[in-house]
Amino acid sequence: MANITIRNLDEGVKMRLRVRAAEHHRSMEEEVRIILHDAVNGGRTGPRDLVKFTRECFAPLGGVELELPPRGPMREPPGFS
């Protein structure tokens, strides 16, 4: 694996990178690796984050409140014969 050093990085860019990495639950180093990979490969090729995708779909609607059905009594477990 190769190493790279980036000098004179603007503090604002570094702070936004730190926030972006935290939002994705990654280190800054891993976040930079992914950004560079995506940049040279024309976009992300990995699986999409299902939770993020769902939020993006429902955000314009203001969210969705789901009604939970009432709980009934527990069933008896099946007998072992």
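Details
- Residues in the stretch 1-23 that are farther than 24 Å from Val51 by Cβ and either in a loop (DSSP other than H, G, I, E, B) or of a type in the set (D, E, K, R) (or both): Met1, Ala2, Asn3, Ile4, Thr5, Ile6, Arg7, Asn8, Leu9, Asp10, Glu11, Lys14.
- Checking each residue of the stretch 42-62 against the condition of being free of Cβ contacts under 8 Å to residues at least 60 places away in the same chain, in contact with a helix residue (DSSP H, G or I) (Cβ under 8 Å, 6 or more places away or on another chain) and among the charged types (D, E, K, R) gives at least one match.
- Residue that is modelled with the lowest pLDDT [pool: residues in the stretch 47-81 that are closer than 21 Å to Val19 by Cβ and assigned to a loop (DSSP other than H, G, I, E, B)]: Arg48
- Count of the stretch 30-80 residues, restricted to those that are among the acidic types (Asp, Glu) and surrounded by 10 or more Cβ atoms within 10 Å (Cβ to Cβ), is 5.
- Arg26 being surrounded by 11 or more Cβ atoms within 10 Å (Cβ to Cβ) and in a loop (DSSP other than H, G, I, E, B): yes
The values are calculated or read from the model by the stated rules, or taken from the named source; none is laboratory data. Only a predicted model underlies this, so the values are computations on that prediction, with no experimental measurement involved. Cβ sites come from the backbone with ideal geometry, for glycine too, and all protein chains shown count toward neighbours.
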